[in-house]
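Here the structure comes first, spelled out in structure tokens, and everything after it is commentary.
Just so it is clear, none of the values below were taken in a lab; they were calculated from the coordinates. Every value quoted in this text rests on a predicted model; they were computed, and no experiment measured them. Cβ coordinates were reconstructed from backbone atoms using ideal geometry, including for glycine residues, and neighbour counts include every protein chain displayed.
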Amino acid sequence: MSATIDAAVPLLLNYLMLALPGLALLAICFWLARGDRDPLPRIIILLLGFILIRDAMTPAGLWEFGLVDGVVPWLRMSDNWAVLVVFGLGSLLLVAATLRDRGLARLVRWGDARPTTILLGIAGGALASAPVLAISFAHALEGRGGVVALALLPALAFFAFAGNLAEEVFFRGFLQGRLERAMSGVRAALLSGFLFAACHAFLATTVTAVGWPLLAFTLWEGLICAFLRLWRGVIPAAIAHGLAIFLLSSALI
């Protein structure tokens, strides 16, 4: 365990060196936008910050994307459980900090945690990951990221659900909630889904070379999560998003 933590420290420090300058600028922007009655400027700043936090993971070597036969995308997270736990905890702290902004918190419609809601989220995660998993079966696991150690799966699950909770709170809680003030719920859900995919454009085309398959997946996933949010709230959307990423990165299927 000690060796794993020791190995995580330089990885995390390298990541911070990449991300902190941009995050510092965005923190100043957020401070300047505080108190504005319209939360939209703060939402945009948070989304830009999240994109930076996410995309900086690639050059820092904290996750890896690939493509098989130009069509089948694959994803693998860091094999260091401490890195995954730190990022999961950081995501939870980020959500807690942003929800202290009352103007933002009022936009979030969580829904309830009834069994039917949870099952709906699980079904949404299975549906979101199904197209990629279906076309992956024809390709050997070694060619699409390789095996993931079973001992890593608990930390990977924590990262997948906690990390994507922040993304869902930002996109489906803050952004979609704000859009619903200006348009119908269906239009807000559609726009939330398409903006979610658009915010992966740099990750798909410049940060990595995965290209359109990543955009197609994020559009499909984004629309599923957006309509789950419209029907039952952020809770099933966050479950669906976390489960989809876990299924795609765990190599269990």
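Give the residue list of chymotrypsin sites (Phe, Trp or Tyr not before Pro) in segment 86-155 that are DSSP loop and have at most 12 other beta-carbon atoms within 10 angstrom. Taking segment 86-155 and a limit of 12 other Cβ atoms within 10 Å, the loop chymotrypsin sites (Phe, Trp or Tyr not before Pro) found are F137. Spin-label model, A113/T205: points 7 Å from Cα along the beta carbon direction are separated by 4.1 nm. For the chain, the membrane-span-like helix rule (DSSP H, alpha carbon extent of at least 27 Å along the helix axis, mean Kyte-Doolittle at least -1.0) picks out 2-32, 115-136, 212-232; this says nothing about an actual membrane. I'd like the FRET efficiency for A140 and E64, computed as 1/(1 + (r/R0)^6) with the beta carbon distance as r and R0 of 25 Å, rounded to 0.05. Working from the Cβ atoms, E equals 0.90. Starting from the Cα gyration tensor of the chain, take the square roots of the eigenvalues, sort them a ≥ b ≥ c, and report rounded, prolate or oblate (rounded when a/c is under 1.5, otherwise prolate if a/b is larger than b/c, else oblate). It comes out oblate by the Cα gyration axes. When each of T117, T206 is scored by the number of other beta-carbon atoms lying within 10 Å, the sequence from fewest to most is T206, T117. Given R0 = 25 Å, the distance between the Cβ atoms of R102 and A27 translates into a calculated FRET efficiency of 0.85.
Over the chain, DSSP H runs of length four or greater, each weighted -39,500 (n - 2.57), average out per residue to a 222 nm ellipticity of -21500 deg cm²/dmol. Hand me the trypsin sites (Lys or Arg not before Pro) from segment 1-95 located in a DSSP loop with no more than 16 other Cβ atoms within 10 Å, in residue order please. Those satisfying the criteria are R34, R37.
Centre-to-centre, using Cα atoms only, segment 76-97 and segment 208-253 are separated by 18 Å. Could you pull out the chymotrypsin sites (Phe, Trp or Tyr not before Pro) across segment 146-184 that fall in loop regions by DSSP (anything but H, G, I, E, B) with no more than 13 other Cβ atoms inside 10 Å? Answer by residue number: there is no such site. Distance from the Cα centroid of segment 14-52 to that of segment 160-203 is 17 Å (rounded to whole angstrom).
Using the Cβ-Cβ distance between W231 and A7 with R0 set to 45 Å, the FRET efficiency from 1/(1 + (r/R0)^6) comes to roughly 0.55.
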